[in-house]
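Heads up: the structure comes next, in structure tokens.
Readers should treat all values here as calculations from the given coordinates under stated rules, not as data from a laboratory. No experiment lies behind these values; they were computed from the predicted model shown. Backbone-built Cβ (ideal geometry, glycine too); neighbour counts: all protein chains shown.
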């Protein structure tokens with residue numbers, strides 16, 4: 001009887017020690033994984049902060065553009081402050097934005113700093129008139145009619161691309177490209193789109209014909225001169 005009781009106590013002792021050792025191993029393993037995950041998160045945070053600091057040292061934020069979800073209008077974010085319209089900007093801020101827009105136009109391919117000069121087209125030789133005999137014309141005095149003046153468009157209400165396209169259309173009939181269908185539009189997905197005789201190009205610099213490309217750059221330069 002005493003021998004069986006001793007074996008029972010020894011068995012209980014082994015079970016208890018095994019349970020305690022297992023619990024200690026489990027706690028140690030859990031703490032080890034938790035410290036490892038915490039070290040990885042800290043290392044990732046340091047990498048992100050280092051990259052952000054490097055970007056801030058290398059670049060300077062100029063302006064941010066936001067779109068109002070309710071009105072679908074663009075708003076400007078300068079130095080952390082949102083401006084809903086042009087009248088809310090100061091003169092200095094407006095001049096700074098105009099300068100950025102001109103640089104952005106060059107970046108988008110709507111203009112370049114150095115413009116190429118195109119040779120003027122050769123003038124046709126004068127044709128000597130041949131005298132012909134015509135009957136005496138009947139002179140009819142025309143009655144003058146009042147022509148209503150065309151209402152000028154508000155250039156401030158137009159987009160930059162629309163103003164450049166207006167310059168293109170006004171210069172096209174008197175150029176060597178008269179008779180060609182050339183148009184510049186603004187696409188929400190592709191940005192500036194140029195149509196030349198039914199062919200679509202993304203950006204001015206992608207136009208295949210160098211003569212058309214130079215003509216468009218001259219129109220952009222005239223817009224920059226007017227805007228400046």
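Which value results for Rg/Rh of region 23-100 when Rg is the Cα radius of gyration and Rh the Kirkwood radius based on the inverse mean 1/r? Before the final figure, lay out the partial values.
Details: Rg = 23.2 Å, Rh = 17.0 Å.
That ratio equals 1.37.
Estimate the FRET efficiency between residue 67 and residue 180 by the formula 1/(1 + (r/R0)^6), using the beta-carbon distance for r and 45 Å for R0, to the nearest 0.05.
Between residue 67 and residue 180 the formula returns 0.80.
Could you pull the Rg and Dmax for region 174-219, using just the Cα atoms, both in Å?
Values for region 174-219 (Cα only, Rg and Dmax): 10.3, 33 Å.
Report the full-extension gain for the segment residue 6 to residue 32: residue separation times 0.36 nm, less the Cα-Cα distance, to one decimal in nm.
Numbers: separation 26, 0.36 × 26 = 9.36 nm, distance 3.89 nm.
Gain on stretching residue 6 to residue 32: 5.5 nm.
When the Kirkwood radius is taken over all Cα pairs of region 1-54, what Stokes-Einstein diffusion coefficient follows at 25 °C and 0.890 mPa s, in µm²/s? Write out the running numbers ahead of the final one.
Values: Rh = 14.9 Å.
Stokes-Einstein gives a translational diffusion coefficient of 164 µm²/s.
Sorted by average packing, counted as other Cβ atoms within 10 angstrom per residue and highest first, what order do 89-97, 159-167, 198-206 take? Show your work: numbers first, answer last.
Numbers: 89-97: 12.7, 159-167: 17.8, 198-206: 14.6.
Those peptides, ordered most packed to least, come out 159-167, 198-206, 89-97.
Between residue 89 and residue 74, 0.36 nm times their residue separation minus their Cα-Cα distance comes to what?
Once the chain is fully extended between residue 89 and residue 74, it gains 4.0 nm.
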